[in-house]
Amino acid sequence: MPPLNYFVVESPDDVGRRAYERVAGDVLQDLDLIKVIDRLHIYVDPKIPIFVAAGVLRHMPRAIYLGDFANVKRGDTEIVLDIGDETYLAPLLRVLWEIYGKENVEQPDRFTIVLPAGMAGEEDLEQVVVADPSETLHKDVIYAMQYMAPEGFKVRRQYIREGKFYYVASEDTLPDDVVERWVMPLFEKMGVTL
């Protein structure tokens with residue numbers, strides 16, 4: 001597992017800072033996020049009170065398309081999907097049932113799916129998104145930040161887009177300028193613009 005290229009925890013309380021370094025490291029390790037987060041800067045000030053985490057993700061995994069793991073053979077009366085890798089078979093079936101109806105999806109064996117020909121959208125079968133790993137990754141990153149934030153810091157603002165994320169939490173109402181005041185400086189310290 002590659003280590004984070006940048007990992008800093010800032011706090012006016014040095015004992016708290018060291019504790020948060022351990023907590024953040026353990027959470028990232030436990031949730032297996034060290035390999036997907038490239039840079040992370042955390043600022044914690046219990047006197048304000050505020051917890052701010054800003055980070056950059058490594059290259060995001062791309063969506064998995066039906067054409068990535070199955071061949072589509074079109075016939076006059078049926079379309080046969082020849083599954084080359086059954087890793088995504090269960091999500092594929094759920095997607096096909098949603099699009100074409102469960103009654104129109106036949107599975108004679110674990111490597112074959114048969115659809116009737118002439119169904120709307122069949123021309124784009126190879127481009128059907130079966131799984132998008134980035135969706136679960138985004139949830140995992142936000143969950144990790146929630147887990148790292150101090151107990152009781154229930155007022156929060158979060159953002160994750162285009163490989164960048166931030167998470168701000170407090171006991172108190174967050175000011176309107178929280179991003180400009182606390183988040184942007186952390187990104188600047190990492191050499192990144194939001």
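The values are calculated or read from the model by the stated rules, or taken from the named source; none is laboratory data. These figures come from a predicted structure and were not determined experimentally. Glycine gets a Cβ as well: all are built from the backbone with ideal geometry, and neighbour counts include every protein chain shown. Side chains included, ligands, DNA and RNA excluded: accessible areas come from the protein's heavy atoms. Shrake-Rupley method; radii C 1.70, N 1.55, O 1.52, S 1.80 Å.
Annotations for the structure displayed:
Let's see how each residue does on (1) under 24 Å from Asn5 (Cα atoms); (2) hydrophobic (A, V, I, L, M, F, W, C); (3) at pLDDT 95 or above:
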position: Lys35; (1), (2), (3): yes, no, no
position: Arg39; (1), (2), (3): yes, no, yes
position: Pro46; (1), (2), (3): no, no, no
position: Val52; (1), (2), (3): yes, yes, yes
position: Gly55; (1), (2), (3): yes, no, yes
position: His59; (1), (2), (3): yes, no, no
position: Ala63; (1), (2), (3): no, yes, no
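- Comparison of Ala90, Ala19, Ala54, Ala24 shows that the only residue that is farther than 19 Å from Val128 by Cα, among the hydrophobic types (A, V, I, L, M, F, W, C) and open to solvent by 30 Å² or more (accessible area, probe 1.4 Å) is Ala19.
- Residues of the range 135-194 classified as over 19 Å from Ile34 (Cβ atoms) and touching a helix residue (DSSP H, G or I) at 6+ places or on another chain (Cβ under 6 Å), total: 3
- Scanning the range 140-192 for residues that are among the acidic types (Asp, Glu) and out of contact with any Gly (no Cβ under 9 Å at 6 or more places or on another chain) gives Asp140, Glu151, Glu162, Asp172, Asp176, Asp177, Glu180, Glu188.
- Taken over the range 56-69, the residue count meeting the criterion of being of a type in the set (A, V, I, L, M) and part of a loop (DSSP other than H, G, I, E, B) is 2.
- Residue tally, condition open to solvent by less than 70 Å² (accessible area, probe 1.4 Å), assigned to a loop (DSSP other than H, G, I, E, B) and not aliphatic (A, V, I, L, M), over the range 119-163: 6
- Number of positions in the range 1-55 that are charged (D, E, K, R), closer than 15 Å to Tyr147 by Cα and part of a loop (DSSP other than H, G, I, E, B): 1
- Just one of the listed residues (Asp82, Asp45, Asp13) is open to solvent by less than 60 Å² (accessible area, probe 1.4 Å), among the charged types (D, E, K, R) and either closer than 17 Å to Met190 by Cβ or assigned by TED's automatic domain parsing to the domain that holds Leu174 (or both), and it is Asp45.
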